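**Q** Below is a structure I'd like to ask you about.
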Amino acid sequence: MRFNRTPDQDAEDSGPVSAGREARSSCHALVTGGAGFLGRYIVEQLRQRKAQVTVFTRGDYPELGPLGVRLIRGDIRDAPALHAACRDVDIVYHVAAKAGVWGAWKTFYEVNVTGTQNVIDACRANGVPKLIYTSSPSVIFDGTPHEGVDETVPYPDQYENPYPETKALGEQRALAANQADLLTLSLRPHLIFGPRDNHLLPGLLSRARKGLVPQIGDGTNRVDLTYVEDAARAHLLAADALEPGAPAAGEPGKGRAYFISQDEPVVLWTWIRSFLARLEMPPVRLRLSLPVARSLSAVLVRIYRTLRLAGEPPLTPFLASELAESHYYDISRAKRELNYRPQLTMEEATDRTVAWLRSRSGTGRVRQATPVARARSAASQGRGE
């Protein structure tokens, strides 16, 4: 059983990693993409530590004002702007990225690869000693089941989508940059969700309202998710652990990567069905085998590309495989070297997320998972762990 913990309890248990936390509380952190879903939680947690924070982002976000942060508008493809933003900075959290299952390769590359190189160059030019790169487990996804695998799994030879491929290229550059004068590491949080989610859950709910959420595969695949507050906390713990000579510092030219999750794989389609039911959304009715879904999605991709249709296809081969295959990861390295432990169980994280979504819909009523459903979920999640 996992219990909720306070920051004081974390400090008591974390030993040498947190011994210098108070001294680091006055550090100056730059967060690229700090107005985004994950980035804003990182900013908030940094401010709770009394850190000085600069947010580098493309838009205007007045809601960041009350947090007492400095906002610099810019694009990570703009190297001079990044160089200026990195002046007098002690650590950079590089969270900004172009995500998604659809889009032009050129744009993905410019943001996720060239942008990352710009961040590295700006850190070096300004003597920034630490860089935390936000990555994704999709950088190693090869279309086959990943069941409890760790960070020793290599990058695949080919990708079906520009997002994981360019994120992998960006991660490789960040980890290769690891040297005594610039310590780097990469975090791979999996399927981040929680209050203020503007990507994963809105997409699911939008499709569910239209009856466009087909179950892909036999429905038994298990996946990891990561509650956003835990994902943000992992970034701060990584910064604490990234010290010369520590395991997290890796080797010259070989920074360390870490999987991050709630460490509680769920049966994906059981979780989705329960989630939609608690929000009183239309249930999942259509079922497609993975081969059929991949064939159908390949046709959709060709149609969208040939006709240059607006928006994105409702399904792509990459997404079909993601929805049908198991992908959950061993986070032992993060526990051991970063002192990372999820603070919420999946049940608690899901409850909080459902409550937030229902509050936004105006109903204010949260339907709890029934004891029977919880027992079934626990039984199904316990198999194979």
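The values are calculated or read from the model by the stated rules, or taken from the named source; none is laboratory data. Predicted, not measured: the structure shown is a model, and the values here were computed from it. As a convention, Cβ positions derive from the backbone with ideal geometry for all residues, glycine included, and neighbour counts pool all protein chains shown. Keep in mind that these areas ignore ligands, DNA and RNA; they rest on the heavy atoms of the full protein, side chains included. Shrake-Rupley method; radii C 1.70, N 1.55, O 1.52, S 1.80 Å.
**Q** Within segment 210-219, track down each residue that is surrounded by fewer than 18 Cβ atoms within 10 Å (Cβ to Cβ), farther than 27 Å from L344 by Cβ and either at pLDDT 90 or above or in contact with a Phe, Trp or Tyr (Cβ under 7 Å, 6 or more places away or on another chain) (or both).
**A** Matches in segment 210-219: D218 only.
**Q** Quick one: W105 ticks every box in (1) under 16 Å from the mean Cα position of the chain (by Cα); (2) at pLDDT below 95 bar one, so which box is it?
**A** The failed condition is (1).
**Q** Tell me, yes or no, whether segment 289-300 has at least one residue that is in contact (Cβ under 8 Å) with a residue 40 or more places away in the chain, over 30 Å from A257 (Cα atoms) and of a type in the set (S, T, N, Q).
**A** Yes: one or more hits.
**Q** Check every one of the helices (runs of 4 or more DSSP H) wholly within segment 310-385 and list those with 2 or more residues that are modelled with pLDDT of 85 or more and within 19 Å of the chain's Cα centre (by Cα).
**A** In segment 310-385, 317-324, 332-338, 346-361 are the helices (runs of 4 or more DSSP H) which contain 2 or more residues that are modelled with pLDDT of 85 or more and within 19 Å of the chain's Cα centre (by Cα).
**Q** Which of the residues that make up segment 62-82 are assigned to a loop (DSSP other than H, G, I, E, B) and within 22 Å of T107 (Cβ to Cβ)?
**A** Within segment 62-82, G74, D75, I76, R77, D78 meet the criteria.
**Q** Looking only at segment 91-110, count every residue that is open to solvent by less than 20 Å² (accessible area, probe 1.4 Å) and over 17 Å from E312 (Cβ atoms) and tell me the total.
**A** The qualifying residues number 4.
**Q** For segment 255-269, does any single residue satisfy the condition of being at pLDDT 95 or above and assigned to a helix (DSSP H, G or I)?
**A** yes
**Q** Kindly indicate whether G170 is of a type in the set (G, A, S), touching a residue at least 40 places away in the same chain (Cβ under 8 Å) and open to solvent by less than 20 Å² (accessible area, probe 1.4 Å).
**A** Yes; evaluated as a whole, the condition is true for this residue.
**Q** Please specify each residue of segment 323-338 satisfying the condition of being buried (at least 20 other Cβ atoms within 10 Å of the Cβ) and in contact with a Gly (Cβ under 9 Å, 6 or more places away or on another chain).
**A** Correct list: L323, A324, E325, Y328, Y329.
**Q** Considering segment 207-217 alone, what residues qualify as being outside any helix (DSSP H, G or I) and in contact (Cβ under 8 Å) with a residue 40 or more places away in the chain?
**A** Across segment 207-217, the qualifying residues are G211, L212, V213, P214, Q215, I216, G217.
**Q** So, of the residues in segment 349-363 that are open to solvent by 60 Å² or more (accessible area, probe 1.4 Å) and either small (G, A, S) or touching a strand residue (DSSP E or B) at 6+ places or on another chain (Cβ under 9 Å) (or both), which turns out to be nearest to S274 (Cα to Cα)?
**A** Of everything passing the filter in segment 349-363, R352 is nearest to S274 (Cα to Cα).
**Q** Please count how many residues of segment 28-49 are assigned to a loop (DSSP other than H, G, I, E, B) and either under 15 Å from the mean Cα position of the chain (by Cα) or buried (at least 21 other Cβ atoms within 10 Å of the Cβ) (or both).
**A** Qualifying residue count, segment 28-49: 4.
**Q** Further, regarding this structure: Could you tell me which of the residues L187, L225, L200 is under 14 Å from the mean Cα position of the chain (by Cα), of a type in the set (A, V, I, L, M) and surrounded by fewer than 18 Cβ atoms within 10 Å (Cβ to Cβ)?
**A** Matching residue, one of L187, L225, L200: L200.
**Q** A further question follows. When the residues of segment 119-156 are filtered to those that are at pLDDT 95 or above and among the charged types (D, E, K, R), which remaining residue is surrounded by the most Cβ atoms within 10 Å (Cβ to Cβ)?
**A** Among those that are at pLDDT 95 or above and among the charged types (D, E, K, R), it is K130.
**Q** A follow-up question, please. Going residue by residue through segment 50-73, is there one that turns out to be surrounded by 15 or more Cβ atoms within 10 Å (Cβ to Cβ), modelled with pLDDT under 95 and of a type in the set (G, A, S)?
**A** Checked segment 50-73: no residue is surrounded by 15 or more Cβ atoms within 10 Å (Cβ to Cβ), modelled with pLDDT under 95 and of a type in the set (G, A, S).
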